[in-house]
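Note sheet for the following structure.
The values are calculated or read from the model by the stated rules, or taken from the named source; none is laboratory data. On a predicted model such as this, the values are computed, not experimentally measured, just so you know. Heads up, the Cβs are rebuilt from the backbone with ideal geometry, glycines too, and the neighbour counts pull from every protein chain shown. The protein model used for the area step is the full one, side chains on, heavy atoms only, and it has no ligands, DNA or RNA in it. Shrake-Rupley method; radii C 1.70, N 1.55, O 1.52, S 1.80 Å.
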Amino acid sequence: MTVEASTREAYGRTLIELGRQNKDIVVLDADLSLSTMTHLFAQEFPERFFDCGLEEQNMIGIAAGLAASGKIVFASSFAVFASCRCFDQLRLCVSQPKLNVKIVATHGGITVGEDGTSHHAIEDLSLYCSLPSFTVIVPADAVETTKAVKAAAATYGPFYIRLSRPRTPLIYHEDHHFIVGKSITLRRGKDVTIIALGIMVAKALQAAQKLATQGIDSRVIDMHTLNPLDEEAIIKAASQTGAIVVAEEHLAHGGLGSRVAQIVAKEKPVPMAFVNLKDQYALSGKPEELLRRSGLTTEGIEGAVKQVVQKK
Amino acid sequence: MSNRIKVASQDSTHSNLFDLSIPELEEMSRKLRRHIITMIATAGSGHPGGSLSAVDIIAALYFKIMHHDPHNPGWEERDRFILSKGHGTPALYAVLAESDYFPVEELTTLRKLDSRLQGHTDRNLTPGVEMSAGSLGQGLSFGIGIALAAKLDDRDYQTYILLGDGECEEGQTWEAALSAAHFKLDNLTVAIDRNRQQLSGWTRNIMDIEPLNEKWQAFGWHTIEIDGHRFNQVLAAFEEAKTIKGKPTVIIAQTIKGKGVSFMENNVEFHGKAPTLEEAKRALKELE
Ligand SMILES: Cc1ncc(C[n+]2csc(CCOP(=O)(O)OP(=O)(O)O)c2C)c(N)n1
């Protein structure tokens, strides 16, 4: 049975740990701290926590000002608001001056579920990847979340980390070795490579297991960092397995699929297939229902693999 | 917290390096205006109107009010100045050059390829520039972050932010106004360059922001209204702001867009248009 854990709880707990180690850690939120779990930090360090109220644009400016004064600033909201609502502020106050601001957003993708379109974050990766100087990470589970948040605190510069609302299957052990920008090959394989991030990594592993029984040997890569992208691993995958499937909980344009395809097209063209959200918004529903409706499932990945392998 | 004076910083932080008298400030302000005209005319583009209306306020800060060290722009105890209306950057560059953050000769590189003096401010390129601005409405939020850091670190520095009056139409300005009062930032002072014009005309006609004083008061700020071209009033307002505890202060400075050049005064045409060389010559003559 798969064990599940919450990435946002992992974030909240990690913030406390970081806060104990470094008095320069400051945390901001925009009236969502009970959901983003920054309230855990607020309880222990009330003087270093600022709720900016429903003022996402203002929050980003404040974060930048604190960072310009030597603070390591974590700012949290839901992914949709932490990207779409304050993009100009992210661009001019954080990205352009390369300030030490870490946006950690929860409720990424469509697994927000019942709240519907207004709350689904499906453009955020595209937006953040378009900002020069932002490191963009989507951890695959709670363990990787902790590692990514610690790495962000330890590395100077702007970071975006996208987490999920629901609990997600645990993939890694505590001794998991995480390096920003270095993907993780979770399964070796020679026929095809499935490159995934976030909640799609666990599904990619399941798909690979099923495909193995049908004689297709799949490599599975956790591409947790979208920017900077691990080009070496992508080129190797293209050369050694000759076909690539990219799986992500994001719109087709500007996310992981687009970014991987750019490298593949330039360095080693091979057949590719994409498991992602087509050009439309999802509606209300249970997370699993929405994933099924959009084809973001183990079966969806299996189908894409079979399709792409035929084109080799 | 902010009324505590630190022993260690007493010598260094409690005087302005220049400490100009009012006649000296007036003389300096004519010189700065000449720089503004020359820079923008040489560049062939830029925003003379809002630079000329703002320059006296910025000069008062750098040459009399603020504790800062041009040869150590990163000095942690320095007072901070944020030019939120980033298109007024020629005024800031002129002041920074005259206070020796960089050579005066560099001013005429404004807006040229590879210049450190970008069309709007860049905090990573220009010594003394605190914020990358140019998208209006963001500076007060940035200043709040700096003022919060001062409180967290128990530092005595002041944070000054210059807003345009048109800029007060931006929603983010009011998000920030709410939060600065909520966080009781008495170490932060806003000056509004109330020249009553914005890009395409009179603020009253485009999007009226009156009653401005009452709005800021309602948001929890201490307000002061002055003539933004009279140094005695400008200096007195900044001194008063330092004495206000428990809330931030806003200084509404009545100014004239294009101030000092007759054919630019209250002439919205010169919001974002460079003077021709002929016009620049006439302007410089008026500013002698
Ligand atoms: C977000 C944003 N929208 C539009 C502009 C274009 N713009 C530059 S200056 C200006 C008018 C600003 O008016 P005000 O703040 O009163 O400045 P001043 O009149 O003092 O120059 C506009 C609309 C901008 N820089 N930023």
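Computing FRET efficiency as 1/(1 + (r/R0)^6) for residue B:286 and residue A:9, where r is the C-beta to C-beta distance and R0 is 45 Å, gives about 0.10.
Computed from point charges on the beta carbon alone (+1 for Lys and Arg, -1 for Asp and Glu), the dipole magnitude for the protein assembly as shown about its Cα centre is near 1560 Debye. Normalised Debye scattering of region B:134-288 at q = 0.20 Å⁻¹ gives log10 I(q)/I(0) of -1.23, counting only Cα atoms as equal scatterers and leaving out solvent.
Applied to region A:55-65, the Karplus parametrisation 6.51 cos²θ - 1.76 cosθ + 1.60 on θ = phi - 60° returns per-residue 3J(HN,Hα) values of 9, 5, 5, 4, 4, 5, x, 5, 4, 5, x Hz, with x for Gly and Pro.
The mean sequence distance of close C-alpha pairs (under 8 Å, at least 6 residues apart), as a share of the length of region A:4-169, puts its relative contact order at 28 percent. Taking the Kirkwood radius as Rh and the Cα radius of gyration as Rg, region A:184-310 has a ratio of Rg/Rh equal to 0.95.
Axis of helix B:89-98 versus longest Cα principal axis of chain B: the two differ by about 80°, to the nearest ten degrees. Cα gyration tensor of region B:199-247, axes a ≥ b ≥ c as square roots of the eigenvalues: rounded (a/c below 1.5), prolate (a/b > b/c) or oblate? The shape class here is oblate. Cα centroid separation, region A:131-203 to region B:222-286: 52 Å. Counting only Cα atoms, the size of chain B along its three principal axes is 54, 43, 36 Å, in decreasing order.
DSSP assigns beta bridges within the protein assembly as shown; of those with both partners inside it, close to 15 percent run antiparallel. Comparing Cα centroids, region B:66-112 and region A:242-305 end up 49 angstrom apart.
Per residue, the average separation of C-alpha pairs within less than 8 Å and at least 6 apart gives chain B a relative contact order of 23 percent. Note on residue B:39: accessible area approximately 0 square angstrom, rounded to 10, probe 1.4 Å, nucleic acids and ligands left out.
With R₀ set to 60 Å, the beta-carbon distance separating residue B:266 from residue A:180 gives a calculated FRET efficiency near 0.65. Legend: residue pairs A:190/A:210; A:98/B:215; B:31/B:259, Cα-Cα distance threshold 24 Å; pairs beyond threshold, A:98/B:215. With K and R counted +1 and D and E -1, the other residues having a Cβ less than 9 Å from that of residue A:298 yield a net charge of 0.
Helix A:142-154 and the longest principal axis of the C-alpha atoms of chain A enclose an angle of approximately 50°. Within region A:128-190, the proportion of Cα pairs with more than 16 Å between them is 50 percent.
If you take the square roots of the eigenvalues of the alpha-carbon gyration tensor of region A:17-76 and sort them as a ≥ b ≥ c, do you get rounded (a/c under 1.5), prolate (a/b over b/c) or oblate? Since a/c reaches 1.5 but b/c is at least a/b, the shape of region A:17-76 is classed as oblate. The Cα-based radius of gyration of the protein assembly as shown, divided by its Kirkwood radius, gives an Rg/Rh of 1.05. Hey, for a label at residue B:225 modelled as a point 7 Å past Cα toward Cβ, could you say which residues of region B:132-174 have their backbone N under 17 Å away? Counting backbone N atoms under 17 Å from the label point, the list is B:165-166.
Report for region B:23-286 the percent antiparallel among DSSP-assigned beta bridges with both residues inside it, nearest 5.
5 percent
Summing charges over neighbours of residue A:89, with a neighbour being any other residue whose Cβ is under 14 Å away from its Cβ, gives -3 when K and R count +1 and D and E count -1.
From its DSSP helices (H runs of at least four residues, each -39,500 (n - 2.57)), the protein assembly as shown gives a residue-normalised ellipticity at 222 nm of -11000 deg cm²/dmol.
Shape of chain A from its Cα gyration tensor (a ≥ b ≥ c, root eigenvalues): rounded if a/c is under 1.5, otherwise prolate when a/b > b/c, or oblate?
Working: a/c = 1.80, a/b = 1.70, b/c = 1.06.
The shape class here is prolate.
Note that region A:4-169 shows a convex hull volume over its alpha carbon atoms of 94 Å³ per residue. Of B:25, B:125, B:140, which has the largest mean-square fluctuation in a 10 Å C-alpha GNM of chain B? Most flexible of the set in this elastic network: B:125. Mean per-residue shielding of peptide B:149-159 is 3, counting Cβ atoms of other chains within 10 Å of each Cβ.
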